[in-house]
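Colleague: Sharing a structure with you now.
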Amino acid sequence: MAEPLKTFFDARLVERLGTALHKARPSFPLDTFLEEARQGLEGHELIGRARHISQAMHRALPRDYPKAVEVVVRSLGPLRDTDRVGMEVFFYLPHTMFVSEHGLEHFEESMRAQHALTQRFTAEFSIRPFLERHPEKTLKRLREWTKDESVHVRRLVSEGTRPRLPWASRLRAFQEDPRPVLELLELLKDDVDLYVRRSVANNLNDIGKDHPAVLVKVAKAWLKDASPEREWLVRHALRSAVKRGEPAALEVLGAGKPTGIEARVTELPRRAKLGGAVDVRFVVANRSKRTQSLVVDLAVHFFKARGEAPKPKVFKVRALTLSPGQEETLGKRVSLARLTTRRHYPGPHRFEARVNGVDLPLGEVDVVE
């Protein structure tokens with residue numbers, strides 16, 4: 001069994017981090033730092049361990065923040081390709097925490113530190129307190145960074161301003177008024193790197209959850225004379241709206257309200273076991289007299305501890321175009337494995353084909369222990 005992620009922050013990492021700080025500042029109290037950072041470390045989870053180390057850094061570094069963060073940046077050393085391999089990037093999580101928790105009143109020094117740190121790990125979490133405390137200054141700096149030569153710095157602009165960034169506090173001001181964020185995304189929508197464009201799409205997807213009409217308006221504008229790369233970005237940005245079956249979003253993709261579309265199941269077990277999987281196959285047929293563009297998903301109404309879930313889980317299947325009388329067989333495997341992010345329960349699970357936002361029944365599976 002693989003070790004928990006939290007074990008990455010162990011005594012050896014503490015020594016490595018402390019040694020780097022001591023090298024950057026010979027007067028850094030290495031022994032004291034090692035003792036304090038190691039004490040009680042194992043009692044925390046991943047984020048807690050990083051914060052515990054960051055707090056020990058704060059006590060050991062100079063009280064003057066500009067001097068302290070200068071030591072932190074010097075300790076980073078030169079950029080290396082190996083810095084971004086696997087869990088290795090998390091080595092810098094305590095550093096970003098130090099900046100976000102102690103550097104809010106020292107804007108320039110903190111921005112220089114985040115510019116360096118995001119190229120080694122990410123500053124998408126540590127930039128958010130600055131967007132809340134110093135919105136205008138931070139947005140101005142991010143506009144400058146849209147032209148930065150580092151792909152990681154450019155991605156920080158879009159990822160750090162996501163209103164609903166996973167595992168982070170929401171940026172309520174941008175949820176209410178996304179215009180400052182959209183101005184940044186406009187500058188990045190045709191970035192040369194997919195890493196940045198994917199982040200732009202995710203940000204726009206976030207905005208659409210609070211402002212569906214804004215998402216549709218931007219999507220339509222960006223699709224005019226769009227390159228294939230930008231077309232992909234728009235489709236990726238619309239994915240959640242499409243799964244929710246929002247008609248305006250589907251129309252942007254040329255998938256209007258379906259007429260004469262049928263779905264019939266060809267493979268769906270009557271019973272399945274928890275921990276296993278359900279293989280679904282179904283036929284989508286166009287019984288109308290016109291060609292139709294379709295976006296087909298699979299909606300699963302999972303049974304929960306208190307009955308059927310209020311909303312189905314929607315799985316992407318594929319987009320297709322059907323001529324009059326044409327049929328297409330589609331399929332999907334739905335996992336019933338026990339996950340930390342999704343718990344399954346025994347009971348009846350309903351399956352539906354979602355075609356251009358319209359749900360067509362496929363059948364029910366009795367999930368048992």
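Colleague: Whenever you get a sec, compute what percent of the accessible area on the range 176-218 sits on carbon and sulfur atoms (1.4 Å probe).
Modeller: 53 percent
Colleague: Between the alpha-carbon centers of the range 300-361 and the range 97-176, tell me the distance in whole angstrom.
Modeller: Using only Cα atoms to place each centre, the spacing works out to 37 Å.
Colleague: Oh, and also: Taking a ≥ b ≥ c as the square roots of the eigenvalues of the Cα gyration tensor of the range 128-216, is the shape rounded (a/c under 1.5), prolate (a/b larger than b/c) or oblate?
Modeller: Oblate shape, in that a/c is at least 1.5 and b/c is the bigger or equal ratio.
Colleague: Now a separate question. Name the residues of the range 27-42 whose amide N is less than 13 Å from a point 7 angstrom out from the Cα of GLU15 along the C-beta direction?
Modeller: Counting only backbone N, you get 31, 34-35, 38.
Colleague: Report the charge-dipole magnitude of the range 1-101 in Debye, nearest 20, computed about the Cα centre from +1 at each Lys and Arg Cβ and -1 at each Asp and Glu Cβ.
Modeller: 260 debye
Colleague: Moving on to the next point. In nm, to one decimal, how far is the modelled label at THR341 from the one at GLU105, with both set 7 Å along Cα→Cβ?
Modeller: 4.0 nm
Colleague: Would you work out which of PRO94, SER75, HIS58 lies farthest towards the positive end of the dipole of the range 1-145? Charges go on Cβ: Lys and Arg +1, Asp and Glu -1.
Modeller: So the residue we want is SER75.
Colleague: Could you pull out the pairs from LYS304/LYS332; LYS67/LYS140; LYS220/LYS243; LYS67/LYS137; LYS6/LYS209; LYS6/LYS147 whose alpha carbons sit more than 28 Å apart here?
Modeller: LYS6/LYS209; LYS6/LYS147
Colleague: What FRET efficiency comes out for the pair ALA226/LYS257, r = Cβ-Cβ distance, R0 = 22 Å, nearest 0.05?
Modeller: 0.35
Colleague: Once you list every other residue whose beta carbon is under 13 Å from the beta carbon of LEU142, what net charge do they have if Lys and Arg are +1 and Asp and Glu are -1?
Modeller: After counting each charged neighbour, the total is +2.
Colleague: A further question follows. Under a Cβ-only charge scheme (Lys and Arg +1, Asp and Glu -1), can you give me the dipole magnitude of the chain about the Cα centre, in debye to the nearest 20?
Modeller: 900 debye
Colleague: Mind checking the per residue accessible area of the chain for me, 1.4 Å probe, whole number of Å²?
Modeller: 51 Å²
Colleague: Could you grab the relative contact order for the range 123-230? Cα pairs under 8 Å, six or more apart, rounded to a whole percent.
Modeller: 24 percent
Colleague: So between SER288 and ALA24, what do we pick up on full extension, going 0.36 nm a residue minus the alpha carbon distance?
Modeller: 87.8 nm
Colleague: Something else: Match the structure shown to one of the listed values (i) 23, 49, 23, 4, 1, 0; (ii) 26, 50, 14, 6, 3, 0; (iii) 24, 45, 27, 3, 0 of P(r) over Cα pairs in 20 Å bins from 0, in percent, computed from it, and give that label.
Modeller: (iii)
Colleague: Also, I was wondering about something else. From the helices alone, meaning DSSP H stretches of at least four residues, give me the mean residue ellipticity at 222 nm for the chain, per-run term -39500 (n - 2.57), in deg cm²/dmol to the nearest 500.
Modeller: After summing the helix terms and dividing by the residues of the chain, the value is -13000 deg cm²/dmol.
Colleague: Mind grabbing the accessible area of LYS189 for me, 1.4 Å probe, Å², rounded to tens?
Modeller: That residue has around 30 Å² of solvent-accessible surface.
Colleague: Under 12 Å from a label point 7 Å along Cα→Cβ of ARG112: give me every residue in the range 53-78 with its amide N that close.
Modeller: Of the residues in the range 53-78, 66-74 have backbone N under 12 Å from the label point off ARG112.
Colleague: Can I ask one more? What is the extension gain from SER169 to VAL214, computed as 0.36 nm multiplied by their sequence separation minus the C-alpha to C-alpha distance, in nm to one decimal?
Modeller: Here the answer is 14.0 nm.
Colleague: Then there's this: Multiply the residue gap between LEU268 and VAL89 by 0.36 nm, knock off their C-alpha separation, and tell me the result in nm, one decimal place.
Modeller: Going from the current span to full extension adds 60.1 nm.
The values are calculated or read from the model by the stated rules, or taken from the named source; none is laboratory data. Computed from a predicted model, the values in this text were never measured in an experiment. For neighbour counting, all protein chains shown are included, and Cβ atoms are generated from backbone atoms with ideal geometry for every residue, glycine included. Note: areas computed on protein heavy atoms with side chains; ligands, DNA, RNA excluded. Shrake-Rupley method; radii C 1.70, N 1.55, O 1.52, S 1.80 Å.
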